[in-house]
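The values are calculated or read from the model by the stated rules, or taken from the named source; none is laboratory data. Computed from a predicted model, the values in this text were never measured in an experiment. Virtual Cβ from ideal backbone geometry, glycine too; neighbours counted across all protein chains shown.
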Amino acid sequence: MTAFSLEPAQLAWCAELRALAAERLRPLAEKGEPGRVNRPLVAELGRLGLLRRVFASGALDLCLMRESLARACTEAETALALQGLGAHPVHAHGTAAQRARWLPGVTDGTAVAAFALSEPGAGSDAAALELTAHPDGTPHTEGTAHPDATARPDTTAHPDGTGRWRLTGEKCWISNAPEADFYTVFARTTPGAGARGVTAFLVPADRPGLTGRGLDMLAPHPIGALDFDGVPVTSGDVLGEVDRGFRVAMGTLNLFRPSVGAFAVGMAQAALDATLAHTARRGAFGGTLRDLQAVSHQVAEMALRTEAARLMVYAAATACDEGAPDVPARSAMAKLLATETAQYVVDTAVQLHGARALRRGHLLEHLYREVRAPRVYEGASEVQRGIIAKELYARQEAR
């Protein structure tokens, strides 16, 4: 197997996924309410064994799953991806107790997970987050750091010997919020330390002081904001190590960025498939649209860009599976090229379809709304360019 071809078994699996998405998942997706977690859809993903496979597979398999599902049912793809994103830190960095408590529910589709990193003032600049974990027992003013916030939690003052904090602040643009059952939350435990002072916590949704609200967004999947008013957490809720949470976040994003590209490729392919069918039968000027060179050349460009993005996604995923040293750059390149390509392909498809593609409920109207967000979330396109440039210059200096 290379990064540039798939084995027959992989191709067959992708075809099976597309069929499952069309026959079993799309009907459930159509019954869902925009902006709300579709729990029957998540449960069906669990019954089909797809959620379990998210954690048992490598990056390439994850990409194949996301691309295949996206071609037939973007809602199913997104529900699967959000489960993986929210729970991967638990799978990779959680304690045995944390994994035993939450992962069975995630994989069978009865527990909904969410990845809570972004804030109103810290989106792409994840190291600038301000949600603060105050050592418990120290007074603080809501929304501000305690004067002695650099103190570590007191692990000796409590009979069970655990560190304790209170989370205060806000998270925003969080997928699956406020309806998730638990959140992977990134909070500042050491003020002024940048990326080195962030800790990842597993926070159940029923913790006192945690509230949320949905946001009315362009994308149809659920997105919300979370408010933390002294939410209690202990060392038993830490994912990984104290002050090492940024590594948890970046490790998760490096894995999922190529698969965001795969989601984009799936949408681009769906738009291309629709365009091929439409231009082959739509009459125009005594023939069909496909007979017009201007149209056929646009379709060729759509196919060219889609295939180039697909190959880069597969190459990045393979590099991730092999533990290559350039995974951050490859992941950034894959996400950047694929999401920008999908935007172009879907937009061109709408243009070639004309007014019918703008009608509510049309496949391309749906894709047009879906395709915009991936250029922003999990690191905007501009951030990906910054990552690529940083990695290139670091490589050059190391020679």
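Tabulated results
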item	result
Tally, over the range 46-90, of residues that are in a helix (DSSP H, G or I) and either farther than 30 Å from Thr199 by Cα or aliphatic (A, V, I, L, M) (or both)	26
Tally, over the range 19-46, of residues that are among the charged types (D, E, K, R), surrounded by 12 or more Cβ atoms within 10 Å (Cβ to Cβ) and over 21 Å from Arg369 (Cα atoms)	3
Residues being at pLDDT 95 or above and in contact with a Pro (Cβ under 9 Å, 6 or more places away or on another chain) - total across the range 187-213	10
Residue list for the range 210-226, restricted to those being surrounded by fewer than 18 Cβ atoms within 10 Å (Cβ to Cβ) and either without any contact (Cβ under 8 Å) to a residue 24 or more places away in the chain or closer than 29 Å to Ala316 by Cβ (or both)	Met217, Leu218
The range 192-209, subset of a type outside the set (A, V, I, L, M) and within 21 Å of Glu241 (Cβ to Cβ), residue surrounded by the most Cβ atoms within 10 Å (Cβ to Cβ)	Phe201
Filter pass, Thr78 being in the same structural domain as Cys14 (by TED's automatic domain parsing), buried (at least 24 other Cβ atoms within 10 Å of the Cβ) and more than 17 Å from Val106 (Cα to Cα)	no
Selection within the range 85-125 - surrounded by 21 or more Cβ atoms within 10 Å (Cβ to Cβ) and farther than 24 Å from Asn38 by Cα	His93, Gly94, Glu119
Residue match in the range 29-45 (condition: more than 15 Å from Thr110 (Cα to Cα), part of a helix (DSSP H, G or I) and touching a residue at least 12 places away in the same chain (Cβ under 8 Å))	yes
Hey, Glu340 within 20 Å of Glu77 (Cα to Cα) and modelled with pLDDT of 95 or more or not	yes
Residue match in the range 335-346 (condition: aliphatic (A, V, I, L, M), within 29 Å of the chain's Cα centre (by Cα) and exposed (fewer than 15 other Cβ atoms within 10 Å of the Cβ))	no
Residue under evaluation Leu363, criteria (1) crowded, with 19+ Cβ neighbours inside 10 Å; (2) out of contact with any Leu (no Cβ under 8 Å at 6 or more places or on another chain), criterion not met	(1)
Subset of the range 291-312 (residues that are at pLDDT 95 or above and either among the β-branched types (Val, Ile, Thr) or not assigned by TED's automatic domain parsing to the domain that holds Arg281 (or both))	Val299, Thr306
Test: residue in the range 14-24 that is within 30 Å of Arg213 (Cβ to Cβ) and either part of a helix (DSSP H, G or I) or at pLDDT below 95 (or both)	no
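Residues checked against (1) within 18 Å of the chain's Cα centre (by Cα); (2) in contact (Cβ under 8 Å) with a residue 40 or more places away in the chain:
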{"position": "Phe228", "(1), (2)": "no, yes"}
{"position": "Leu253", "(1), (2)": "yes, yes"}
{"position": "Leu276", "(1), (2)": "no, no"}
{"position": "Gly283", "(1), (2)": "no, no"}
{"position": "Leu292", "(1), (2)": "no, no"}
{"position": "Ser296", "(1), (2)": "no, no"}
